[in-house]
Structure formats: C-alpha cells, structure tokens
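The values are calculated or read from the model by the stated rules, or taken from the named source; none is laboratory data. Given the structure is predicted, the values throughout are model-derived calculations rather than measurements. Glycine gets a Cβ as well: all are built from the backbone with ideal geometry, and neighbour counts include every protein chain shown. Remember, those area values only see protein heavy atoms, side chains included, never the ligands or the DNA or RNA. Shrake-Rupley method; radii C 1.70, N 1.55, O 1.52, S 1.80 Å.
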Amino acid sequence: MKGRIICINAAIHKVLLENNTIMDTKTRGKIRNEKIVPVVGDIVVVNTDTKTIEKVETRKNYLERPLIANIDKLLIVMSTSIPSFSSYLIDKFLIIAYSNNIEPIIVITKTDMISMKEKSDIKKYINYYRHLGIKVYINTSVSKIKKEFSASVVALCGQTGAGKSSLLNRIDASLSLKTGEVSESLGRGKHTTRLVELLEVNNGLIADTPGFSSLDINIDKKDIKKYYKDFNKPCKYRTCLHIKEDGCAIIDLKNKGKIPEWRYNNYIKFIEEANKNKQVF
Ligand SMILES: Nc1nc2c(ncn2[C@@H]2O[C@H](COP(=O)(O)OP(=O)(O)OP(=O)(O)O)[C@@H](O)[C@H]2O)c(=O)[nH]1
Ligand SMILES: [Mg+2]
Ligand SMILES: [Zn+2]
C-alpha cells in the first residue's frame, strides 16, 4: 500500500497510509542496497504485513535543510528580533525554493518586539518581496496562513528560535508543539524542535522542522541569477554575472534605485560563496 513518510526517528519510519492510518515501518535491505535513504515527505510503497518500506517513489523535489522531499510550498519564517531579521537568509531560501520548483512564502514573526522605526525599516524589505510577487504574511494573520496549508504539503524553514513551532501552535492549538525560551534557543545553540515532522493541518500536511544557525547553498554561480527573479533580465552579455559595471543592465538598475542595494549585496555574497565552493571541489 502507498503512503507518505511523516516522521523518521532512528529506524522507525512513520508512514501515513492511503487508507488514512499511520503505521510504524522499517526500511528493507533492498532499499538500503540501492542507496536510497528515505526522508520525510517521501511517497513509499509499504508491505503492511511485514511493515517494511518496499519502494521509494521518484521525488518531485528534495531539500537538504530542512531534510524533506515532495513539498509544494516553503514557508520561510523570519523573526524581526532575536534572532534578528536577515534579508540575506530570505534571499538564500528564495534561491533554494525556486531552484527546486517550490513556491516560497514569507512569514514575519515577533513584530511585537520592535519599535515603530524598526517596523518601517522592515516594511521596505516586505514591500520589495511583494513587488517580486512573493506572498508575505505577519504571523498574526492566522486565517490567511492557514488557507495556504489547504490541500498542500508545506515545510517551515528558518533559524532556530524564529517561531516556527509557535506559529503552528497559533494556527492549531491542538498541536501543542514544544517551543523554546528565546534566551535558551539562542547563544547556546539550543534547538527546541529536533525532528522533521509532517502534521495534518487544515486538510494539508505541514512540516515543523528544526531550525539552523548556518545554511549553505550548493549552486553554480552562473545559475544564481536564474533564481534571483529580478536579476534574470537581458544584459549586455548573455553570460554577464552582473558583477562589473561595464554596461551591465542590472548594476544600472541598482544605481537607479530600481533594485535595492541590500538585494544586490546579498547576490554578490552568494557569488562569492559559490566561488569558494568551487575551490573546495
Ligand atoms: N514576542 C514574540 N515571541 C515569539 C513570537 N513567536 C515566537 N516567539 C517566541 O520565540 C521563542 C522561540 O519560538 P519557537 O516557536 O520555539 O521557535 P522555533 O523556530 O520553533 O525554534 P526551533 O524549534 O529551535 O527551530 C519562544 O519563546 C516563543 O514564545 C512572536 O511573534 N512574538
Ligand atoms: Mg521549533
Ligand atoms: Zn549584467
């Protein structure tokens, strides 16, 4: 019988079967020999007599952080304070989402913790992301966010302490997910959520995930602009990386203020990171 892996804890693979029951299964040697390591989100064929996973179906997408497959939407949870707001991380997650054919959605948390001045600074980023056609919600917009879950498989991602589990509890109090103390979750690198787990919310499946403190992308530098939608425009040279003035249309847009400085600077950082990765391999 077919099903979807909703949680993996050591050798136990919890599968939501198509008859709507949940079964604890194990992987079979054959799958291990084929070097397929099942992850949460995988569609699998289960032998319900032996309670083993016989087959892992081809994935439509696969993320390493959070470790999950076959998702429709990636909810980028970004705090405004503790941990501080980072357009660099949002831009990185947007690249990860687009390069895997996943719709990104941004959710901003902890707006109650910042001043009016800080709010208006963050509003500039929000406006630009909306201008790019990306949905941005504040975590208090519970009903709007809940609607996004309907008939979808969604994964939350973001730094530890950003408020991912709190957001899910806000949306469905019966989930009663464990949340961390801000002072504990930062500094000492304490992660409150330890496993990726798909939960049923509003007729969809949503994955609470452990946060992280750093995040790498493994992407060729010439491909970054493909997933940086506002940079994917004709330039003087087809292969232009938009890093040297010399008639570059993107640098021109940045100089004219059409592309914000911060967005451009994040792009340059990604190019530099890609250069470093090249030296390693
Ligand atoms: N003031 C304020 N605190 C919040 C908000 N959202 C979450 N928090 C607090 O932030 C802390 C961390 O929240 P969690 O939901 O555990 O964060 P997480 O993203 O799940 O963290 P990990 O599981 O470690 O990845 C908790 O103390 C929450 O109460 C918010 O909107 N406002
Ligand atoms: Mg959590
Ligand atoms: Zn250019």
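Results, tabulated for the structure shown:
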quantity: Centroid-to-centroid separation of segment 46-61 and segment 80-131 [C-alpha atoms, Å]; calculated: 37
quantity: The chain, accessible area per residue, ligands and nucleic acids excluded (1.4 Å, Å²); calculated: 52
quantity: Relative contact order [Cα under 8 Å, 6+ residues apart], the chain, whole percent; calculated: 15
quantity: Protein accessible area in segment 1-74, 1.4 Å probe - carbon and sulfur %; calculated: 49
quantity: Extended-chain gain in nm, criterion 0.36 nm per residue less alpha-carbon gap, LYS147 and ILE12; calculated: 45.5 nm
quantity: As computed over segment 62-208, the Cα convex hull volume per residue (Å³); calculated: 108
quantity: Semi-axes of the equivalent ellipsoid for segment 12-138, Cα gyration tensor, largest first, Å; calculated: 39, 15, 12
quantity: Cα-projected label distance for LYS26 with GLU57, points at 7 Å along beta-carbon direction, nm; calculated: 2.6
quantity: Segment 60-93: chymotrypsin sites (Phe, Trp or Tyr not before Pro) falling in loop per DSSP and having at most 11 other Cβ within 10 Å; calculated: none
quantity: Helix-only CD estimate at 222 nm, as mean residue ellipticity for the chain, using -39500 (n - 2.57) per DSSP H run (n ≥ 4); calculated: -8500 deg cm²/dmol
quantity: Span-rule helices in the chain, defined as complete DSSP H runs reaching 15 Å or more along the axis (Cα) with Kyte mean at least 0.5; calculated: 87-99
quantity: Burial ranking of peptide ranges 148-157, 266-275 (average Cβ count within 10 Å, highest at the top); calculated: 148-157, 266-275
quantity: Cα-based convex hull, the chain, per residue volume (Å³, whole number); calculated: 152
quantity: Spacing of the two label points (7 Å from each Cα toward its C-beta) at GLU118 and SER86, in nm; calculated: 1.7
quantity: Among 37-47, 123-133, the order from most to least packed when residues are scored by Cβ within 10 Å on average; calculated: 37-47, 123-133
quantity: Karplus 3J(HN,Hα) series, Hz, for segment 151-159 with 6.51 cos²θ - 1.76 cosθ + 1.60 (x for Gly, Pro); calculated: 6, 10, 9, 10, 10, 8, 9, x, 5
quantity: For segment 2-56: Kirkwood Rh in Å [reciprocal of mean 1/r, alpha carbons]; calculated: 10.7
